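Visitor: The structure that follows is given in the form of structure tokens.
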Amino acid sequence: MIGTVPEAQARTTVLAEAPQAATSGVVDSAEVLSAQEEQELEAAISNFDSKTGLNVSVMFVKTFDGYSGTQWAEQIVKQKGNNAGVLAVAVEEGSFGIAAGQNWQSSWFSPLERAAKSELSQRNFSGAGMAFVQQAQQLATGGSSANNAGGSSGGGNGLLWLGLGGAAVVGVGGAAKFMSSKKKKHDTQAALQHGRELPGSQADELRNQPIDVLQTLADEELVSTDESIRKGKEELDIAVAEFGAERTRSFRRAMNTSTTTLQRAFHWKQQLSQGAVSPAERRTLLVQIIGECRKADEALDQQAADFAALRNLLINAESRLQDLTQRSVELQARKQEAATVLEQLKTKYDSAVLASLEDNIPLATSALEQADTLIDEGRKAITQAAGQQGGAVDAIRAAEDALNQSEKQLQAIEHADANLQVARQQLPALVQEVEEELQEAAKLRHQAQEQGTPVKWDDFQQAIDQAEAALAHHQAHPSDPLGTWTLLSEADAVLDEQLDALRLSNTDQSRLLQLAQQQFAAADAAIQGAAGFIQARGRVVGPEARARLAEAERSRAQAQQALRDNARAAVDLARQARIQADEAQQLASEDMRRYQNRNNRGGGGGDFITGMVLGQLLGGGHGGFGGGFGGGGGFGGGGFSGGGSFGGGGGFSGGGNF
């Protein structure tokens, strides 16, 4: 009889992936095994099945679809029968489940769970599967960890097999250990390299990495940010001396923000060093350190790069001013040519059609005059003493902008004839496109507001206003296709960019909300299971388990509150609630086992007396109780074991997180 937690009994929905998974010894829909690793694991399973008369399955899937690992594994065993044992791993969720039928001894659970967990904690998936199968074979064939009761292979057969195959086992085991260690090291290095390449905004992707990888990355980021701030202060002093306090305000602001971030990160580091955090909280703090420090580094790097560009511009100021002067001369010549082209266009088109070009020559002339003035100011600035030449940078950049404006006005005249032909042909389609995009924008806005998508609404509204203004110009000036075409083309480009960004943001938010609901369901199931377990066993369960359950309930409530404004935080809090509930279940199970052990040592008549005592304690004199129970827990917080019935029968189930 498989031990189940109460909520599992209430959930009768068939798991999406489990029925297919039950037909094979190895299932790797998560694609974490190489072809060779899968073949080796299949061979080990085949050997186990033939030597023990039992059967075992190892399954790597992406998620458990909102179920706990225990529930998922139990579904497989129910399909395969009392001879079946299952290790199921949800790679993306970082959780696992173990279950077995009645012909597996309940005392086997703990060694099997330890064997798999030691490898899963390092994300060595092939090693976890192999360790699980090898441990199961040792137990089933009479190894030292097995209970001799039951099983189809007796102790004598097991000893004979061990004697004849000892040398081979040692040889293969040594090679497997070497290969496993080598692969583990390679996987760790790959995870570190991937983690180092992620920008600070994507640090949450590291949440499922092993703790040792997160610890290494966090330590690296603390050192890197501290060094960046120290060097940044030197860069800031130089920048202030060269460009003045006003031009370096953004640099100083980034420096102050980074310093505050580093202080906060060091506080988190101190919390970790003191050890007063749960495994879930440790993981969260490490990811926060990595993400926040990396963002601070990136901000300082950007400011340093900006001021390096300014410094380079100042160093080459004289040649840049010469280039700008040459460009101004060229635009003066083009202005005369553009004026001639405009006069020719007036003989070909009505004045209303050319209305948008009427002021282009005066505007180009004004911009050129402004550019020449700025170039002269730049030349004067570079003759100043060192540290007083910062004005040259402003003059150069402003002159560049003025020349760009002049060229834009002239290009509109130079390409007017061709643009008019295109505008007359394609303007109706462009008008329709912008109108449809505005309709889509309204729908996307509604969706974003409904699901709480974080959006820069000012930029979005500016794009909407620009598009509506272009359409209004089209309605008010039907005889100005060129002006309308220009306005609509520019508005369409801006609106397209905003719509693309909002579509992506809405999609990401939808995924987050879906993930949040899955995590909520898993947390609720774990909390209900732990609460039911504690309630059913009354005073047998001590305060530690109850306190951890209260923490889980508090985290779950915080997750619900955060869902609207910060779905990512809600997912993290719900995941934390599930882990805390699993830890509460683990602590309660340990209390229960200690209580059983005390009663068994008393020699009061075995299972019958135990049932009677528990019945008197928990049921008010109404007799004993039967049924099994499972446990839960997270890696880093200690293992747990689940059992079968209290009568000592076979079968077990349990699971946890890694």
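The values are calculated or read from the model by the stated rules, or taken from the named source; none is laboratory data. None of the values given here were measured: they were computed from a predicted structure. When we count neighbours, we look across all protein chains shown, and the Cβ atoms used for this are built from the backbone with ideal geometry, even at glycine.
Visitor: So if I check each of Arg252, Arg247, which one is under 30 Å from Ala317 (Cα atoms) and without any contact (Cβ under 8 Å) to a residue 24 or more places away in the chain?
Guide: Arg252
Visitor: Go through the stretch 340-378 and count every residue that is touching a residue at least 60 places away in the same chain (Cβ under 8 Å) and under 20 Å from Thr486 (Cβ atoms).
Guide: Of the residues in the stretch 340-378, 12 are touching a residue at least 60 places away in the same chain (Cβ under 8 Å) and under 20 Å from Thr486 (Cβ atoms).
Visitor: Next up: Inspect all residues belonging to the stretch 397-420 and state whether any of them is surrounded by fewer than 14 Cβ atoms within 10 Å (Cβ to Cβ) and in contact (Cβ under 8 Å) with a residue 12 or more places away in the chain.
Guide: The answer is no; no qualifying residue exists.
Visitor: Please list, ordered by residue number, the strands (runs of 3 or more DSSP E) wholly in the stretch 9-98 having 3 or more residues that are at pLDDT 85 or above and touching a Gly at 6+ places or on another chain (Cβ under 6 Å).
Guide: 55-61
Visitor: Scanning the stretch 509-565 for residues that are surrounded by 20 or more Cβ atoms within 10 Å (Cβ to Cβ) and among the β-branched types (Val, Ile, Thr), which turns out nearest to Asp582 (Cα to Cα)?
Guide: It comes out as Ile527.
Visitor: Assess whether Leu368 counts as being of a type outside the set (S, T, N, Q), at pLDDT 85 or above and closer than 24 Å to Ser319 by Cα.
Guide: yes
Visitor: Quick test for you: out of Arg247, Arg207, Arg252, Arg230, pick the one residue that is of a type outside the set (Asp, Glu), surrounded by 14 or more Cβ atoms within 10 Å (Cβ to Cβ) and at pLDDT 75 or above.
Guide: Arg252
Visitor: Filter the stretch 570-589 down to the residues that are among the polar types (S, T, N, Q) and more than 18 Å from the chain's Cα centre (by Cα), then identify the one that is surrounded by the most Cβ atoms within 10 Å (Cβ to Cβ).
Guide: The residue in question is Gln585.
Visitor: If I ask for residues that are in a helix (DSSP H, G or I) and surrounded by fewer than 17 Cβ atoms within 10 Å (Cβ to Cβ), which ones from the stretch 382-393 would you list?
Guide: Selection gives nothing.
Visitor: Residue check, Tyr67 against (1) touching a Phe, Trp or Tyr at 6+ places or on another chain (Cβ under 8 Å); (2) surrounded by 19 or more Cβ atoms within 10 Å (Cβ to Cβ), all met but one. Which one?
Guide: Result: Tyr67 passes all but (1).
Visitor: Kindly indicate which of Arg252, Arg264, Arg320 is in a helix (DSSP H, G or I) and closer than 22 Å to Gln576 by Cα.
Guide: Arg264
Visitor: Follow-up. Go through the stretch 86-125 and give me each residue that's among the polar types (S, T, N, Q), surrounded by fewer than 23 Cβ atoms within 10 Å (Cβ to Cβ) and under 24 Å from Gln518 (Cβ atoms).
Guide: Listed by number, the list holds a single entry, Ser121.
Visitor: On the given criteria, is Arg283 in a helix (DSSP H, G or I), outside the structural domain of His477 (by the TED database), under 34 Å from the mean Cα position of the chain (by Cα) and of a type in the set (Lys, Arg)?
Guide: yes
Visitor: Right, another one. Taking the residues in the stretch 421-461 that are among the hydrophobic types (A, V, I, L, M, F, W, C) and within 15 Å of Leu482 (Cβ to Cβ) as candidates, determine which candidate is surrounded by the fewest Cβ atoms within 10 Å (Cβ to Cβ).
Guide: Of everything passing the filter in the stretch 421-461, Val422 is surrounded by the fewest Cβ atoms within 10 Å (Cβ to Cβ).
Visitor: While we're here: Considering the stretch 459-481 alone, what residues qualify as being farther than 24 Å from Leu354 by Cβ and among the polar types (S, T, N, Q)?
Guide: Scanning the stretch 459-481 gives Gln461, Gln462.
Visitor: Kindly indicate whether any position in the stretch 129-150 is touching a residue at least 12 places away in the same chain (Cβ under 8 Å), surrounded by fewer than 22 Cβ atoms within 10 Å (Cβ to Cβ) and within 27 Å of Gln518 (Cα to Cα).
Guide: Checked the stretch 129-150: no residue is touching a residue at least 12 places away in the same chain (Cβ under 8 Å), surrounded by fewer than 22 Cβ atoms within 10 Å (Cβ to Cβ) and within 27 Å of Gln518 (Cα to Cα).
Visitor: Inside the stretch 463-480, can you point out the residues that are in contact (Cβ under 8 Å) with a residue 12 or more places away in the chain and either assigned to a helix (DSSP H, G or I) or touching a Cys at 6+ places or on another chain (Cβ under 7 Å) (or both)?
Guide: Hits for the stretch 463-480 are Ala463, Ile464, Gln466, Ala467, Glu468, Ala469, Ala470, Leu471, His473, His474.
Visitor: For the stretch 421-437, enumerate the residues that are of a type in the set (A, V, I, L, M, F, W, C) and in contact (Cβ under 8 Å) with a residue 24 or more places away in the chain.
Guide: Val422, Ala423, Leu427, Leu430, Val431, Val434
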